[in-house]
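Please read the structure below before turning to the comments.
The values are calculated or read from the model by the stated rules, or taken from the named source; none is laboratory data. What you see is a predicted model; the values in this text were computed from it and never measured. Cβ sites come from the backbone with ideal geometry, for glycine too, and all protein chains shown count toward neighbours.
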Amino acid sequence: MGRNFVILKKDVQEIEKNSSSLFKIAKKWAVTREKIPDKFYCQNSAIFQTRLVKMETLLQKDKNAKDLFSLLTSIAGEIGNNSFDHNLGQWPDIPGIFFGYDLNKKQIVLADRGLGILQTLKRVRPALKNHLEALKTAFTEIISGRSPESRGNGLKYVRHVIVKYPINLVFETGNAKLKLNNGNHNLIIEDVMESINGCLALITW
């Protein structure tokens, strides 16, 4: 199994243990459609962009993030924009995304109830069999710009940044979870029991 694709069956215990209530709220919404506070809900891209700029301003003033604020903003922006770009006119039920952050706990959380990575990438990679393969493809393979679905390309940028800087990511879609840690080129990808609609991301630093 290649250097860049490691599947582990054990739980990602450290991240799970330290996840804030913010992450739990987002995951519950992604799984059950439970209503979330308006301050976390971005119905469209314009609302998301406005709140992203506000977060960047706060990060810039935060002593624990001032050296990373532009990178954290670009990672969150890439993941959030993916949700809108690749579900436009195709939201299965609830349009928009969950977007929240806790600078004291150094966490950013995003989620959507969209089609998920597997379904969107299958448009140009019909041979993809499951969510694990879709996550591997999204974070490791270049998808031609000529393809109508270039979702994975931005996630490779996310991976590139995390490898170089002290940032970590947990990313879930369907019944698959990915963990990417600063300084580690390897992807840890595993099956999870609880499948989610769309995508869920936890960024920590």
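Tabulated results
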quantity: Among (1) closer than 29 Å to Lys54 by Cα; (2) in a loop (DSSP other than H, G, I, E, B); (3) touching a Lys or Arg at 6+ places or on another chain (Cβ under 6 Å) - the single one Leu128 does not satisfy; calculated: (1)
quantity: Criterion (within 18 Å of the chain's Cα centre (by Cα) and surrounded by fewer than 17 Cβ atoms within 10 Å (Cβ to Cβ)) met by exactly one of Leu110, Leu103, Leu58; calculated: Leu103
quantity: Verdict on Ala26 being modelled with pLDDT under 95, on the phi < 0 side of the Ramachandran plot and of a type in the set (A, V, I, L, M, F, W, C); calculated: no
quantity: Residue count for region 106-122, restricted to those that are assigned to a loop (DSSP other than H, G, I, E, B) and either farther than 15 Å from Lys66 by Cα or among the β-branched types (Val, Ile, Thr) (or both); calculated: 5
quantity: Selected residue [in contact (Cβ under 8 Å) with a residue 12 or more places away in the chain, surrounded by fewer than 16 Cβ atoms within 10 Å (Cβ to Cβ), among the aliphatic types (A, V, I, L, M) and not in a helix (DSSP H, G or I)] from Ile142, Ile203, Ile196, Ile189; calculated: Ile142
quantity: Selection from region 61-97 of residues that are among the β-branched types (Val, Ile, Thr) and over 14 Å from the mean Cα position of the chain (by Cα); calculated: Ile94
quantity: Failed item in (1) over 13 Å from the mean Cα position of the chain (by Cα); (2) exposed (fewer than 15 other Cβ atoms within 10 Å of the Cβ); (3) not aliphatic (A, V, I, L, M), with Tyr157 passing the rest; calculated: (1)
quantity: Out of Glu172, Glu141, Glu194, sole residue that is more than 24 Å from Ile36 (Cα to Cα) and acidic (Asp, Glu); calculated: Glu141
quantity: Matching residues, region 94-122, being polar (S, T, N, Q) and within 19 Å of Lys27 (Cβ to Cβ); calculated: Gln107
